[in-house]
Each structure stands twice: as structure tokens, then as C-alpha cells.
1. Would you mind giving the average projected area, over all directions, of the Cα convex hull of the range 326-371 in nm² with one decimal?
2. Between ALA270 and SER65, what is the label-point separation in nm under the 7 Å Cα-to-beta-carbon projection?
3. Quick one, what does Rg over Rh come out to for the range 239-379 if you take C-alpha atoms and the Kirkwood Rh?
4. So what J values fall out for the range 362-376 if you push phi through Karplus, 6.51 cos²θ - 1.76 cosθ + 1.60 with θ = phi - 60°, rounded to Hz, Gly and Pro as x?
5. Evaluate the relative contact order of the chain (contact order divided by residue number), counting alpha-carbon pairs under 8 angstrom at least 6 apart; express in whole percent.
6. Taking LYS190 as the anchor, which aspartates and glutamates have their alpha carbon closer than 17 Å to its alpha carbon, excluding any fewer than eight residues away along the same chain?
7. For PHE43, tell me the accessible area in Å² from a 1.4 Å probe, rounded to the nearest 10.
8. Enumerate by residue number the trypsin sites (Lys or Arg not before Pro) in the range 152-210 meeting two conditions: DSSP loop (anything except H, G, I, E, B), and at most 15 other Cβ atoms within 10 Å of the site's Cβ.
Amino acid sequence: MKILVVNAGSSSIKFTLFETKGEVLLAKGLIERINTPSTVMHFSTHKGQKFDQDISANSYEAAISQACLALMDKNTGVIGNLSEIEAIGHRVVHGGAAMTAASKLTKAVKQVILDCFALAPLHNPPNYEGIEACESLFPNVPMVAVFDTAFHQTMPPASYTYAIPLDVAQKNQIRRYGFHGTSHNYVAIKAASVLKRRMEDLKLITVHLGNGCSITAINHGRVEDTSMGMTPLEGLVMGTRCGDIDPAVIFVLRRLGYTLDDVDKMLNKASGLLGLAGIGSNDMRDLIKAVDEGNPRAKLALDVFVLRIVKYIGAYAAELNGFDALIFTAGIGENVPRIRSQVCEKLEFLGVKLDAARNKAREMIISCDDTSPVVMVVPTNEELMIARETECVLSSQS
Ligand code: AMP
């Protein structure tokens, strides 16, 4: 079955075409700066063809039409015509408390996505626009929404409840939802398969360290707790987001004259590694270079980043009453052995013992033989997970 996966962001669209038999990625692309004079498409196929092209796309529909042309192009394309696309899976960031799993897109599901605009104002509106564009271009193709929040809906109330007055919280849907669920779910499934264990028999801690960072405790296949909260601002230190801070810092900043809008921008866009290191970059590669050059602020940023991860792992080890595997994923988690070793060094009291050579070589299992918990590096693949879920939802309904 050929499935197109669409991830529509605020000014860009990522698309990936899979053949689900054998899980072959046929082609993928990114269209950036939609609705500007400098819209560009980056496209590549499994046969090794690749191009970057300036295009004109003043709407999501126009952008997806251009993606379709690339997919069908007689030189670089991978399909003869659009009718070969049998289903479309959409990444949707927020499904609120209502969406506990991926769902076929119906009027009711679309309404839930609309209802969650206030909960994810930067993400759900473009996700929705991507869905409507595809509905217009592919009127007869079944579509599925795969929610970042859905995997976390198995969390127990004690994990998702904030200790503010319960009536205020319940009336206003103020609670932990968690994000990156598709990634945490994917790497957990992959880890279980590599370990040749059933998910129902495992206690896992998955650490997604990318530009956004989050960590999840998975107890026999169910989420026990996760670090991102009502919004993706809570939890670990991230590229530009602060993660956990005392909420009263916001009152202090207000009294100092910052507007709420200023504070919102500061905590989401100017904090984290960017704000701490002050090197004008939130890219981990730049940060590590600055640390190696002896920049003390960069070192502090890295230390704060690592310590927060260690704190969460300690907390989740307690919540899970021990764990079988610790799994690193995403840009930093997959590519920076030094962060993994700095984190694991502090976890030796839990039995964690890294094999330095394996860690450097980025093997899938990087802990020493016969030690527990096992430490792993599992590359994430959210697009493939969305394709799998799309196929699963549609086949269960046919
Ligand atoms: P993601 O959001 O998963 O794409 O991850 C982005 C983060 O991963 C950025 O901080 C990058 O600097 C970091 N990253 C990606 N590749 C590497 C690498 N090879 N070495 C160090 N950091 C990397």
C-alpha cells in the first residue's frame, strides 16, 4: 500500500511517500517558506535522485500540488499517477484528552483538531490546513490523523494532574498532555524488538533529544509519565525553550516590565541552550565547539542540559520502580556520544554501565554486556510510524 505522510508546519510542509510492504521510503520532500517569494522544494527518492527547486506556492494546496508533480515527474518521480496513493497520514500535534489513538479523519475528528487550536496555536492550525488541502486534492483517498499527544493518553491521573485548584484545571483542560508521542512510541517498539522482549514485559525510559527535548517513562507499554506538559515548554532544557522553571519567575519578569508576550517569546524562543550559552546558536554542534574552546557559558549550558536529563531519569526510575532500558533518540540523542556518556556517568548507581567504544561507534546497544538496564541508541522515524498507524487504522476499519 502506498501511503503519503504529510507534516504541515507553520510555513513548511514535509511529505514522505512509503510503500508499506517492506516499509520502503519511496520519496521524501520538504517545501519551505510557503506563501513567500522564496518558496523552495527539496526532494529526494530511494533511487538516489535529488533536487532543490525554487517553486511558486501561495497556499498549502499549491505546495502539495507541487509535491505531487515531483512524485509523478517522469525523470525523478516514483509513481505514474496520483491514484497510486491509497491513503494519507497526517501528523497532528494536539488531539487533547479526546484523541487516545490515531483516527480516520471524519467530521468529528476534524472538529476535535479545531477545538484544540487554543492548546497548540502554532501547530494545529497549519496541521488542519494541510488536511483541508489534501481533502481538496485527493477527495476520495482515506486519511488518518496521527496525534503527537495520543500515545501519552494512557498516563495515570497522578502524572497528568497539576496541583492547581481542580475545578479550574478541569474546566479549562489544564493538564499534562505530553508531546513527541509518535517518536517515543516508535523507539520503544523498536527497542523491544531489538531486545526480543514483549513490550508488555518491559519498563522503558525514552529520551528524545532534538531541538525539542522530552523524556517518557513507559510501563509495560503504557505511558507512566512524560516531561512535556500542557505545552511543549515544560520539562528538559531544549534548543530555545527553558523547560522547567519556577512559575513565579514569570511574575518577577512581569514586575520588571516585560509584557506577557515578551515573556512568552523569551521562554519559548530565547531560552534553553540559546539563551544560556549566548553564542547566537542553539545548535548542539556549535555549543560543543564553544565548550571545547573553553567558553564558560557554553559549558554551563551543557551542564544544565545534562543535569536536567539526569534528574528526570532518576525520577522516572523511581516512578517505574526500576527500568529495563534507557533509549536515546533524535538529533542530539543519536549523534552526540559525549552527552550520552555524561548522562550515564551519573546513573551508575542504578546499574547503568556504558561501553565507551560502542557509545562512540553509535551501536544500537551501547551498554556493557550483561549489565542492566540496557542503554540503547535508536534512530527515530516519526514518518514511518505515521504510515504504520495510518495503515493499521484503515485496515482495522475495512
Ligand atoms: P532534531 O530536532 O531531532 O533534528 O535535532 C536537532 C539537534 O540535533 C540540533 O541541536 C543539532 O545540533 C543536533 N544534531 C544533529 N546532528 C548532530 C551531530 N551530528 N552532532 C551533534 N549534534 C547534532
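The values are calculated or read from the model by the stated rules, or taken from the named source; none is laboratory data. Quick caveat: nothing in here was measured; it's all calculated off a predicted structure. Backbone-built Cβ (ideal geometry, glycine too); neighbour counts: all protein chains shown. Surface areas here come from the heavy atoms of the whole protein model, side chains and all, with no ligands, DNA or RNA. Shrake-Rupley method; radii C 1.70, N 1.55, O 1.52, S 1.80 Å.
1. Here the figure is 2.9 nm², rounded to one decimal.
2. 4.1
3. 1.04
4. Couplings: 6, 6, 5, 10, 10, 8, 5, 4, 6, 10, 9, x, 6, 10, 10 Hz.
5. On the way: 799 pairs, mean separation 55.1, N = 398.
Rounded, it is 14 percent for the chain.
6. Here the aspartates and glutamates satisfying the reach criterion relative to LYS190 are GLU23, GLU200, ASP201, ASP324, GLU334, GLU363, GLU382, GLU383, GLU389.
7. Accessible surface of PHE43 is approximately 10 Å².
8. LYS196, ARG197, ARG198
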